[in-house]
1. Looking only at the range 1-48, count how many residues are outside any strand (DSSP E or B), of a type in the set (Val, Ile, Thr) and surrounded by fewer than 23 Cβ atoms within 10 Å (Cβ to Cβ).
2. Please list, ordered by first then second residue, the pairs with beta carbon atoms under 6 Å, 6 or more apart or interchain, first in the range 190-204 and farther than 13 Å from Ile217 by Cβ and open to solvent by less than 60 Å² (accessible area, probe 1.4 Å), second modelled with pLDDT of 90 or more and not aliphatic (A, V, I, L, M).
3. Tell me yes or no: at least one residue of the range 91-111 is within 15 Å of Val157 (Cβ to Cβ) and assigned to a helix (DSSP H, G or I).
4. Tally up the residues in the range 192-211 that are within 13 Å of Tyr283 (Cβ to Cβ) and not charged (D, E, K, R), please.
5. What single numbered condition from (1) open to solvent by 20 Å² or more (accessible area, probe 1.4 Å); (2) out of contact with any strand residue (DSSP E or B) (no Cβ under 8 Å at 6 or more places or on another chain); (3) within 29 Å of Leu4 (Cβ to Cβ) fails to hold for Met140?
6. Those residues that are hydrophobic (A, V, I, L, M, F, W, C), buried (at least 19 other Cβ atoms within 10 Å of the Cβ) and within 13 Å of the chain's Cα centre (by Cα), I need them from the range 153-173; list them, please.
7. Do we find a residue being of a type in the set (D, E, K, R) and more than 30 Å from Gln72 (Cα to Cα) anywhere in the range 131-153?
8. Residues of the range 111-130 being open to solvent by less than 80 Å² (accessible area, probe 1.4 Å) and of a type in the set (Lys, Arg), which ones?
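The values are calculated or read from the model by the stated rules, or taken from the named source; none is laboratory data. Keep in mind it's a predicted model, so treat the numbers as computed, not measured. Neighbour counts run over all protein chains shown; Cβ positions are idealised from the backbone, glycine included. Side chains included, ligands, DNA and RNA excluded: accessible areas come from the protein's heavy atoms. Shrake-Rupley method; radii C 1.70, N 1.55, O 1.52, S 1.80 Å.
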Amino acid sequence: MNELKITNLSKTYPNGVKALDDISLTITNGMFGLLGPNGAGKSSLMRTIATLQEPSKGSLSFNGTDILKEPQIIRAQLGYLPQEFGVYPKISAYKLLDHIAILKGILNNKDRKEQVEALLIQTNLYAQRKKSVSNFSGGMRQRFGIAQALLGDPKLVIVDEPTAGLDPEERNRFHNLLSDIATNMIVILSTHIVEDVRDLCTHMAIMGDGQLLTQGIPSQLMDELKGNIWHRTINKKDLPAFQKAFKVIATRLFSGKTQIRVLSDHCPERGFEMVDPDLEDVYFTTLINRQPVTH
């Protein structure tokens, strides 16, 4: 079992922006969802874990090793798919993956060939191995990104906003791929898409303004809201009045009508119906309350 331990991690950039504010998390094997809006600090945390930047304070350890003091330890066991994954133009998928494998220190020709071909098969790209990655679709590029991240048999894989912009079919294919690889390693999925975390992750955390707002098992976090989520369909013109009178956590359009979800420990008024909470309710409630986890 692998363990990543993050303790009181903070990061303030030279311009004064506090990207991370006293983050503490312990993450073990499986898929861990890091959920939050753009600007929440997710990418800053991912870059810090990947030792691409140093924190202002706090500590990071992986399987008992201080990775701030010995960053090469984590780098040798890390696969990283950043939000913007650049590709080399006019180079085939096979040649590019082979080149990245050499950069990662896989120098034995036979071992490298076996690993490159196996990963192209695993990511369903073997049939396109001779095509230039620059001509791949968005979903194919993301699957190639996972293939390069898995080179060298990593114990920790970080994927940052991997499904943004993918069509439903590619997103589903990518979900299946991530689910398959998470059995024997830690996979951290950083995203602002609630469905990605709901579909994939056994544990999760929500960040906002550089702070850790909540963490836990998705189903348990939803259970904590039971009896407190109320639903009603209203006229769009009445929305401001409802927002003023009640704690509206979300609005949705359905068949041209406006549906609202309200947080309340009792029926807000006649016409509301209690509903089972979903992970979006957890997400929006957490962001509205903005109470960081205390250590």
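1. 1
2. Ser190/Lys42; Val194/Glu280; Val194/Tyr283
3. yes
4. Result for the range 192-211: 10.
5. Unmet for Met140, out of (1) open to solvent by 20 Å² or more (accessible area, probe 1.4 Å); (2) out of contact with any strand residue (DSSP E or B) (no Cβ under 8 Å at 6 or more places or on another chain); (3) within 29 Å of Leu4 (Cβ to Cβ): (3).
6. Across the range 153-173, the qualifying residues are Val157, Ile158, Val159.
7. yes
8. Answer for the range 111-130, where residues must be open to solvent by less than 80 Å² (accessible area, probe 1.4 Å) and of a type in the set (Lys, Arg): Arg112, Arg129.
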